Amino acid sequence: MTLDQLFARERRAQRRHLRQAALLAALVAAASVLLLGLSGWFITAAALAGASGIVAAQAFNYMLPSAGIRLLAIVRTGARYGERLASHAAAFGALAHIRPALFAAIAAAPADRALALGTGEATARLIGDVDAIETRFVRLSGPWGVAAALASGAVLTLLGGIGSALVTMACAAAVLILCYGLARRMEAAGAAVQRSEGALREQFSMLVDAAPELRCFGLEPWAAERIDAHSRTFAAARLRHAKAASGIEWVHATGIGVAASGALALALPAGAAIAALAALAAAMTIDALGPMVRAMTERGRTAEAQARLDALLTLAQPVADPPSGVNAAASIDFSHPWGARLDAGDRAALVGPSGAGKTTLVERLIGLRPCLPGVIAIGGTDIARLSPDALRGHFAWAPQDAMLIAGSVRDNLLLARADASEADLWAALTDAALTDRIHALGGLDIWIGENGARLSGGERRRLSLARAYVADAPWLLLDEPTEGLDAATEAQVVSRLGARLDRTGQGLLLVSHRPDALALCDKRLDIAAGSAGAALAA
């Protein structure tokens, strides 16, 4: 799905708010033009009546026009507030669906494509680029306001004569045409702002993540220089864009002045009060083009943001529907590189030198990496034909470098199974030899910080192991689950893992170099350096 398709879908979903915003935007524009035009007539007519003498001043009806001005002011204020509420409600409602769709596209992407997108760049797209298209949604009511302003302006300036109305409409057309042409020329500057902002976020995120190492090696000045260089590039891009935008603003402001002057001059034969009405109505008519003019200045940024978000949406590759009849506790057949078969409940160690492809093989089993047809099958079904969701239903995974979300212990465990009970969570923590530590911290709802900052490396690894236990899948895929643990803790984790396997009947595929952990396994799959990579690469 493209961003335009998402946008169209959300426009349909938010049509009630968008209709309200359009109606209120039209009311704001019409009230503004009428208010300024009537104010000009009233002030001028009142001044003339006062200058004509006491009798003329007493005969002048002050009450009716002043009441009209106050009414229009109230209508304009209320309608403007309502229009902003409605347009932002539509925008926020749409973005509440667009952002998850973008995140889902990243999550569903093949690992080689998803990992090529850095954290900072992904953040820039999900925040900065989405914010850029948010204004596009908010401004959907703008054309209705412009149309209402043009209609109201035409009616009022026509009171000063056909020439007054024509010069106002001509100025409006000229402003829109000139601003559009200038906006086309500044698209590159707007696109550069979006790209440089993403690069700055990416650089900052990368260097912040490496802050301890940078401090250790005394590289803070070097890091600061890199961030400063990207900041200067971003600032320069924004300056170029601002200079280009100032040209559009100048055209708009000039149009206001020309329209007011022309309408005033051509309406003078109708009298000073009518001329003032026509001049101010003409000025407000051109001023009401502001939403469309501002949208034009952001044209380049919006187009670049859309292109960058479309690139995210295309990260995910479509997969065929999973074939039916795959047993949830099915066997696993490896045609390459071993010609081996693992039956439900088997315990197998995946061994071999570093870099041979053990972790890669595990990631292919759960759909994080593509696999060639005819290499691995589950329950007789080639995994190349299975969707990632179908694959992941078979496995609970504890990766070598597990990430934890910034939240509580409970939040992290429930990622594996949202309906797990509190007893399930504590049982998993017990099997991971982490119960005492979690009790000491304050329980399941204690905040553990970003990526488990309050936990040690071994504790983070065991929390990841507990999360895999919570999933309660037919197969456990454990990648170095005891790495970095002291001997006593490792013995405890291994013993409880063995007891869990006996109790649940789960199968185990274990990647480890630790003898105690390997002792749990009755089968071994030995990957010679490079053999699995050659056999499994897609």
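Across the range 489-495, coupling constants 3J(HN,Hα) worked out from phi with the 6.51/-1.76/1.60 Karplus curve, θ = phi - 60°, read 5, 4, 4, 5, 4, 5, 4 Hz, and Gly and Pro carry x.
For E480, the amide hydrogen comes within under 5 Å of the amide hydrogens of V511, S512, counting only partners 5 or more places away or on other chains and with H modelled in the peptide plane.
If you take the Cα atoms of the range 332-536, find Rg, then find the Kirkwood Rh from the mean of 1/r over all pairs, what is Rg/Rh?
0.96
Based on DSSP H segments of at least four residues, each scored -39500 (n - 2.57), the chain has a per-residue ellipticity at 222 nm of -21500 deg cm²/dmol. Ordered from longest to shortest, the equivalent ellipsoid semi-axes for the range 3-313 are 50, 21, 17 Å, each the square root of 5 times a Cα gyration tensor eigenvalue.
Pairs of C-alpha atoms in the chain farther apart than 41 Å represent 46 percent of all such pairs.
How do R240, R454, R139 line up, fewest other C-beta atoms within 10 Å first?
Working: R240 16, R454 13, R139 20.
In order of increasing Cβ crowding within 10 Å: R454, R240, R139.
Exposure proxy for D431, D209: other Cβ atoms within 10 Å of each Cβ, ordered fewest to most, give D209, D431.
Starting from 0 in steps of 5 Å, tell me what percent of the Cα-Cα pairs of the range 249-306 lands in each bin. All Cα pairs, binned at 5 Å, distribute as 4, 20, 21, 16, 12, 9, 7, 5, 3, 2, 1 percent.
The distance separating the Cα centre of the range 471-501 from that of the range 397-416 comes to 16 Å. The order of W475, W250, W426, going from fewest to most other C-beta atoms within 10 Å of their C-beta, is W250, W426, W475.
Readers should treat all values here as calculations from the given coordinates under stated rules, not as data from a laboratory. Here the structure is a predicted model, which is why all the values come from computation and not from measurement. So basically every Cβ, Gly included, is an ideal-geometry build from the backbone, and we count neighbours across all protein chains shown.
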